[in-house]
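Structure record follows, encoded as structure tokens.
The values are calculated or read from the model by the stated rules, or taken from the named source; none is laboratory data. Source: prediction; values computed, not measured. Cβ placement follows ideal geometry from the backbone for every residue including glycine, while neighbour counts extend to all protein chains displayed. Please note that ligands, DNA and RNA were not included when accessible areas were found on the heavy atoms of the full protein model with its side chains. Shrake-Rupley method; radii C 1.70, N 1.55, O 1.52, S 1.80 Å.
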Amino acid sequence: MIGSRGNPSQGPAPGQDTAEGIASDAQANVGGDQTSRTPAAPYRAPQNPAREAIPGAQTQVIVKFRDELELPATLFTLPQLHGEPSAALPSALQRIHFLPHLAGLGAALRELMRKAVEMSPHYQPRNLLNYRSVIVASRHEGERLVRSLRSVPQVELAYLHPGPVQLPSAPASPVNPQDDPLACKQEYLDPQPRGLDARFAWTRNGGDGAGIKLADVEWGWDFLHTDLAGLNAPATYATVQLRKDHGTCVLGVIAARDNDTHCIGIAPGLQTVHPVGQWRAGNLYATDLAVAEAAILLDAGDVLLIEAQTLDYTFGHFFLPLEAEAAVFDVVEAATAAGIVVVQSAGNGSADLDTVMDGNQPVFNRAQRDSGAILVAAGRPDSKPPWQPWKETCHGSRIDCFAWGESVVTLTSDTNGTVHDQWTDAFAGTSSAAAMVAGAALVLQGVMLADTGSVLSPAELRSLLSDTGLNTPSADPANDRIGVMPDLRAIIQSLAAQRKG
């Protein structure tokens with residue numbers, strides 16, 4: 001358990017290399033009136049996300065220099081590390097310029113690492129400031145550069161960034177919001193075995209998630225949606241936004257307001273969400289940087305949700321959890337060691353994570369390599385029997401939890417975020433499931449904070465959410481390997497019994 005919390009930090013001001021703020025549509029909503037209403041917009045079907053072309057992005061090589069090296073804070077070349085050209089280096093490598101990458105977060109990232117070491121004695125710190133990047137003209141050029149860099153003594157690892165990957169969800173189809181009331185359709189709020197029993201959590205102090213912050217890493221959000229009015233969204237790290245429908249669906253599941261319109265989120269008392277975008281100016285697509293930016297905005301006990309997946313050509317798999325990328329893993333490990341709860345989509349690649357290898361090393365074997373994150377798969381509520389794995393979910397012994405992976409009722413928008421009064425009954429995939437588990441984490445932290453003045457550590461919370469004795473099993477746990485669906489009633493009652501004992 002983490003000790004009592006002080007005033008939540010507002011996070012550092014963005015540096016020169018970071019986004020300058022969300023467009024005025026999000027800023028206009030900060031601190032808005034929760035009771036405000038706008039007339040229902042005419043029904044307008046957004047584009048089917050499955051048909052959208054993923055934008056192109058600059059090709060990047062990610063480089064990790066050895067921890068003990070003291071690197072310049074800005075752009076540099078390999079000869080500058082020695083003060084003179086090295087005859088052992090090919091001339092092409094001598095001309096390569098390394099960009100700051102994670103080092104651009106400077107003091108804020110050093111503070112995260114300091115907290116990680118202080119709070120988790122067993123954490124073996126990695127020098128996150130020694131991650132650098134190189135922009136290359138093509139994937140072929142990047143692959144050649146990676147091979148060359150791996151022979152440089154100062155380089156610990158180098159890999160080709162996979163680039164932009166579609167979000168881990170099935171298409172979300174909007175429903176005419178004038179047709180039906182929604183509360184009765186949100187079965188994931190109901191008691192087990194159908195839902196997480198958020199309705200029970202709301203009867204407890206803090207059970208609406210109040211007092212805990214969320215950071216959401218993905219592509220875009222519509223903060224002018226009528227059912228997100230009053231949600232505080234500081235515009236720190238999300239200038240370029242795409243696919244605003246997806247982020248709106250996610251926030252609808254988690255934090256749709258308790259205002260008698262549309263949906264209600266699992267944690268409707270959530271006051272602050274930090275939106276952190278993966279897209280940057282100049283067609284840069286950042287994953288590890290986005291996760292690092294999200295982490296430095298949060299305090300111990302807060303929740304960092306990663307609504308993203310990755311490709312990995314080295315492992316031979318597609319649509320894996322984002323922490324398959326080495327830099328993301330290192331940042332997530334530091335964040336959880338610093339007390340931040342990380343909830344991560346397991347990805348929609350249908351992969352058996354137990355078979356994903358890096359050479360001879362398993363990538364998702366928690367006994368050998370554990371970031372501390374909660375990995376979330378997707379289940380099918382109406383399968384026979386219920387809670388079989390959703391058709392595209394990744395699975396494996398590393399998975400902690402599952403939740404609804406189809407037919408999820410939530411808010412939505414068009415992809416550009418210009419229609420602010422839509423909802424859907426078709427949000428799906430590990431995106432919807434991860435959003436539900438993030439909502440459950442916010443609720444449990446809120447209850448603990450209200451009852452004890454302290455919050456659960458990431459390890460304690462993951463243990464509770466994945467406890468097979470407390471939570472809802474899948475149809476065939478030994479073969480499904482998608483974990484359990486959290487049962488908030490059982491977990492809250494178990495915590496209360498422990499305190500009385």
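Points to keep in mind about this one:
- The set of residues in the range 273-309 being part of a helix (DSSP H, G or I) and either open to solvent by less than 10 Å² (accessible area, probe 1.4 Å) or not hydrophobic (A, V, I, L, M, F, W, C) (or both) consists of Asp288, Ala290, Val291, Ala292, Glu293, Ala294, Ala295.
- Top-ranked residue in the range 215-250 [being among the hydroxyl-bearing types (Ser, Thr, Tyr) and under 17 Å from the mean Cα position of the chain (by Cα); ranked as farthest from Ala286 (Cα to Cα)]: Thr248
- Scanning the range 443-455 for residues being surrounded by 20 or more Cβ atoms within 10 Å (Cβ to Cβ) and in contact with a Lys or Arg (Cβ under 9 Å, 6 or more places away or on another chain) gives a total of 5.
- Restricting attention to the range 150-165, the residues that are under 18 Å from Pro72 (Cα atoms), among the aliphatic types (A, V, I, L, M) and under 30 Å from the mean Cα position of the chain (by Cα) total 1.
- Unique match (being open to solvent by 10 Å² or more (accessible area, probe 1.4 Å), without any contact (Cβ under 8 Å) to a residue 24 or more places away in the chain and more than 12 Å from the chain's Cα centre (by Cα)) among Asp312, Asp260: Asp260
- Only one of Ala92, Ala107 that is part of a helix (DSSP H, G or I) and in contact with a Pro (Cβ under 8 Å, 6 or more places away or on another chain): Ala107
- Residue satisfying condition, being modelled with pLDDT of 95 or more and assigned to a strand (DSSP E or B), within set Gly372, Gly379: Gly379
- Scanning the range 230-257 for residues that are open to solvent by 10 Å² or more (accessible area, probe 1.4 Å) and either polar (S, T, N, Q) or part of a loop (DSSP other than H, G, I, E, B) (or both) returns Gly230, Asn232, Pro234, Ala235, Thr236, Thr239, Val240, Gln241, Leu242, Arg243.
- In the range 456-501, the residues that are basic (Lys, Arg) and surrounded by 13 or more Cβ atoms within 10 Å (Cβ to Cβ): Arg462, Arg481, Arg489
- Here Thr410 clears all of (1) modelled with pLDDT of 95 or more; (2) open to solvent by less than 10 Å² (accessible area, probe 1.4 Å) except the condition numbered (1).
- Annotation note: Cβ proximity below 8 Å between a residue of the range 332-354 that is farther than 13 Å from Ile2 by Cβ and open to solvent by less than 10 Å² (accessible area, probe 1.4 Å) and a residue that is among the charged types (D, E, K, R) and assigned to a loop (DSSP other than H, G, I, E, B) (sequence gap 6+ or interchain) occurs for Ala334/Arg126; Ser345/Glu307; Leu353/Arg398.
- For Leu488, the requirement of being closer than 25 Å to Ala337 by Cβ, touching a residue at least 12 places away in the same chain (Cβ under 8 Å) and out of contact with any Pro (no Cβ under 7 Å at 6 or more places or on another chain) is not met.
- Residue list for the range 77-89, filter: at pLDDT below 90 and outside any helix (DSSP H, G or I): Gly83, Glu84, Pro85, Ser86, Ala87, Ala88, Leu89
- Checked against (1) modelled with pLDDT of 90 or more; (2) farther than 30 Å from Leu311 by Cβ; (3) more than 22 Å from the chain's Cα centre (by Cα); (4) crowded, with 17+ Cβ neighbours inside 10 Å, Asp190 passes all but a single condition, namely (4).
- Listed here are the helices (runs of 4 or more DSSP H) enclosed by the range 436-501 that have at least 1 residues being within 23 Å of Leu270 (Cα to Cα) and not small (Gly, Ala, Ser): 458-465, 488-500.
- When Val303, Val253 are checked against the criterion of being under 13 Å from the mean Cα position of the chain (by Cα) and either aliphatic (A, V, I, L, M) or under 30 Å from Pro362 (Cα atoms) (or both), a single residue qualifies: Val303.
- Yes/no for Leu465 being in contact with a Cys (Cβ under 9 Å, 6 or more places away or on another chain) and under 18 Å from Trp202 (Cα atoms): yes
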